[in-house]
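S.K.: Before anything else, here's the structure in question.
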Amino acid sequence: MDEISQELTTSFSTVHIRHTLDTTDEYYEKENEYLNEQYPMVMPYLIALNQAFMVCRFRADFEAEFGKQLFVQMELQQKAFCEANIPLMQKEAKLTDEYQKIMAAAAIEFDGQTLNLYGIQKYFEHEDRAKRKAAFQAYSDFYHSHEERLEEIWDELIAIRNEMGRNLGFENYIPLGYMNQGRTDYGMEEVASFREQVRRELVPLCQKLYEAQAKRLGVDKIMVYDEERVYPDGNAEPAGDDDFMVEQARKMYHEMSPETGEFIDFMIDHELMDLKNKPGKASTGYMTYLPSLKASFVFSCFNHTIGDMQVLTHELGHAFAGYMAMRHQPIADYYGVSTDIAEIHSMSMEQFSYPYAEWFFGDQADKFRFAHLQDAITFVPFGVAVDEFQHICYAHPKLTPKERTYEWHKLEEKYMPWRTYENDEFMERGGYWYHKLHIYLYPFYYINYTLTTMGAMEFAGKNRENHEAAWEDYKKLCSCGGSMSYKETLRHANLAVPFEEGSVAKAIAQAKETLLSQM
């Protein structure tokens, strides 16, 4: 069964990769639609098999060989599924695919070019403030022009997902959303307490960082279109083209450790990355598994900004963790990890790359390091706002589309009080949330980026104190895969639990000191 499931997952991933590489390819569009319709039909058989395992007289033997987490996962899958949800899952997949196609089809006329969503974002860092403002307005106008259909898709998704939750005996979708994220040892209360720590500890720090940025740029106040322009003389840019960046990544991973050197050769030699921006390519970035090949695949759209470096570290951090787990864990159930752990792999790899920044950015390496660290910190309030927004929408389904959007406006006031739009009615009333595809595609995933930022900041601090010990803990984190629960995995890798009072202040202490001394 393990072998069969690996083949199925590999086939599914292959279709997904080829569909996102060219969303205009009708063959893979139809293949993707077929799998989205058929995959839910397989679920009852997988659940029945899990049930057979759970009542099997050899259960103790299985637990002795593979650990109890296998059965924890099975029980969670069983609780999270009922056959009445199959047609709802099919409808959900069609709606999320429609959202992706709208995003991928973006053709924004700007500066004499036709740009997709990744292409226009390059201008958010432009030296000319008027051009930055115009670029952000063009970006805003794209979402505003699709507002009506995006409202309808979101409205339908809320209704469908809440019905899924009710079919399982819940008041709404939220408990099912947590189950689908693999959360077994924490819930909504812990997440809410973490969000409050962020509001208390990080929001004031971010306010200071943006005030300092305004002074650097010589403006009275940072507008939304200024946020990405960290330095008056320009942000750090890669010192070469896409191929140069990949070759530097190969050098870096060989220098970093024997394991990462072996890994990057495997990725490059087997063409397991597609990173160049192309028309029709989905506006996203991801890592996915090809488990029957014991391989990971990385997808992104380079745009010649520091974001390209983040892809080569963040997504390849995911890929390295998959590579290690597939070589250390005995069954495919443990190759993947719960999403709240997965992002520690990726965000920590970004931190481990800091000593090699000169290879990618030359004499602009210090600018990269500061801007990247500031971005890691200032992102967190936005990330928790995305999470709270989803809780509000699913808990209050009778809100009108415009009322939901206004809830986002209120969350910006709470978590991002520096955020200022200029003469943009759509964004001022809360339209910014439409761009965050995770809200549509991956419910309750986004908080993981903020939880795991704490783990990444811990690794960054440990790495300064003792690189060898930090790297050994990181390898332990990657190699254990999904064989333990969230809190067990943190303890295994000697990391703190971010819900505990004071954990946020402790995790960001070194980053805070660095930023305040350099800003």
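S.K.: Where in the range 154-218 are the helices (runs of 4 or more DSSP H), entirely inside, with at least 3 residues that are within 21 Å of the chain's Cα centre (by Cα), modelled with pLDDT of 95 or more and of a type outside the set (S, T, N, Q)?
M.R.: Helices (runs of 4 or more DSSP H) meeting the threshold: 174-180, 188-201.
S.K.: Given (1) touching a residue at least 24 places away in the same chain (Cβ under 8 Å); (2) buried (at least 16 other Cβ atoms within 10 Å of the Cβ), identify the lone condition not met by Y123.
M.R.: (1)
S.K.: Take the conditions under 22 Å from the mean Cα position of the chain (by Cα), assigned to a loop (DSSP other than H, G, I, E, B), crowded, with 21+ Cβ neighbours inside 10 Å and not hydrophobic (A, V, I, L, M, F, W, C) and apply them to G481. Does it pass? Lay out the reasoning, then the answer.
M.R.: Values: under 22 Å from the mean Cα position of the chain (by Cα): yes; assigned to a loop (DSSP other than H, G, I, E, B): yes; crowded, with 21+ Cβ neighbours inside 10 Å: yes; not hydrophobic (A, V, I, L, M, F, W, C): yes.
Here the answer is yes, as G481 does meet what is asked.
S.K.: Please list, ordered by first then second residue, the pairs with beta carbon atoms under 6 Å, 6 or more apart or interchain, first in the range 401-424 and over 18 Å from S140 (Cα atoms), second hydroxyl-bearing (S, T, Y).
M.R.: What qualifies is W418/Y210.
S.K.: Look through the range 441-450, keep the residues that are buried (at least 20 other Cβ atoms within 10 Å of the Cβ) and either among the β-branched types (V, I, T) or on the phi < 0 side of the Ramachandran plot (or both), and return whichever of them is farthest from the chain's Cα centre (by Cα).
M.R.: Only one residue tops the list, namely P443.
S.K.: Is at least one residue of the range 373-393 within 18 Å of D155 (Cβ to Cβ), among the polar types (S, T, N, Q), touching a residue at least 24 places away in the same chain (Cβ under 8 Å) and buried (at least 17 other Cβ atoms within 10 Å of the Cβ)?
M.R.: Checked the range 373-393: at least one residue is within 18 Å of D155 (Cβ to Cβ), among the polar types (S, T, N, Q), touching a residue at least 24 places away in the same chain (Cβ under 8 Å) and buried (at least 17 other Cβ atoms within 10 Å of the Cβ).
S.K.: OK, next. Does any residue of the range 98-110 turn out to be farther than 24 Å from I153 by Cβ and out of contact with any Gly (no Cβ under 7 Å at 6 or more places or on another chain)?
M.R.: Yes: one or more hits.
S.K.: Counting just the residues of the range 423-440 that are hydrophobic (A, V, I, L, M, F, W, C) and under 16 Å from P401 (Cα atoms), which one comes out farthest from the chain's Cα centre (by Cα)? Spell out how you get there, then give the answer.
M.R.: Here is the first cut: in the range 423-440, the residues hydrophobic (A, V, I, L, M, F, W, C) are 426-427, 433, 437, 439.
Narrowing further to those that are under 16 Å from P401 (Cα atoms): 426-427, 433, 439.
On the way: F426: 25, M427: 23, W433: 15, I439: 11 Å.
So, considering only residues that are hydrophobic (A, V, I, L, M, F, W, C) and under 16 Å from P401 (Cα atoms), the one farthest from the chain's Cα centre (by Cα) is F426.
S.K.: Taking the range 457-495 as the region of interest, how many residues are of a type in the set (D, E, K, R) and over 24 Å from F379 (Cα atoms)?
M.R.: 8
S.K.: Considering only the range 295-347, state which residues are over 26 Å from M179 (Cβ atoms), buried (at least 23 other Cβ atoms within 10 Å of the Cβ) and of a type in the set (S, T, Y).
M.R.: S300, T313, Y323
S.K.: Can I ask one more? Would you be able to tell me the number of residues in the range 421-435 that are buried (at least 18 other Cβ atoms within 10 Å of the Cβ) and out of contact with any Leu (no Cβ under 9 Å at 6 or more places or on another chain)?
M.R.: 6
S.K.: Further question: Of all residues in the range 105-142, which are within 21 Å of K281 (Cβ to Cβ) and not in a helix (DSSP H, G or I)?
M.R.: A105, A106, A107, I108, E109, F110, D111, Q113, T114, L115, N116
S.K.: Another question, then. Filter the range 495-513 for residues that are surrounded by 15 or more Cβ atoms within 10 Å (Cβ to Cβ) and not aromatic (F, W, Y) and give the result.
M.R.: L495, A496, V497, P498, S503, V504, K506, A507, I508, Q510, A511, K512
S.K.: Within the set of pairs 6 or more residues apart or between chains, which connect a residue that is under 16 Å from D333 (Cβ atoms) inside the range 41-58 to a residue that is not polar (S, T, N, Q) and not in a helix (DSSP H, G or I) with Cβ atoms less than 6 Å apart?
M.R.: What qualifies is M43/F81; I47/F81.
S.K.: Which residues, taken from the range 62-106, are within 24 Å of the chain's Cα centre (by Cα) and free of Cβ contacts under 8 Å to residues at least 40 places away in the same chain?
M.R.: Once the filter is applied, which keeps residues that are within 24 Å of the chain's Cα centre (by Cα) and free of Cβ contacts under 8 Å to residues at least 40 places away in the same chain, the range 62-106 yields only Q77.
S.K.: So A84 ticks every box in (1) exposed (fewer than 15 other Cβ atoms within 10 Å of the Cβ); (2) assigned to a loop (DSSP other than H, G, I, E, B); (3) of a type in the set (G, A, S) but one. Which box is left unticked?
M.R.: The failed condition is (2).
The values are calculated or read from the model by the stated rules, or taken from the named source; none is laboratory data. This structure is a prediction, so every number in the text was calculated from the model and none was measured. Don't worry about glycine lacking a Cβ; one is built from the backbone with ideal geometry, like all the others, and counts go over all protein chains shown.
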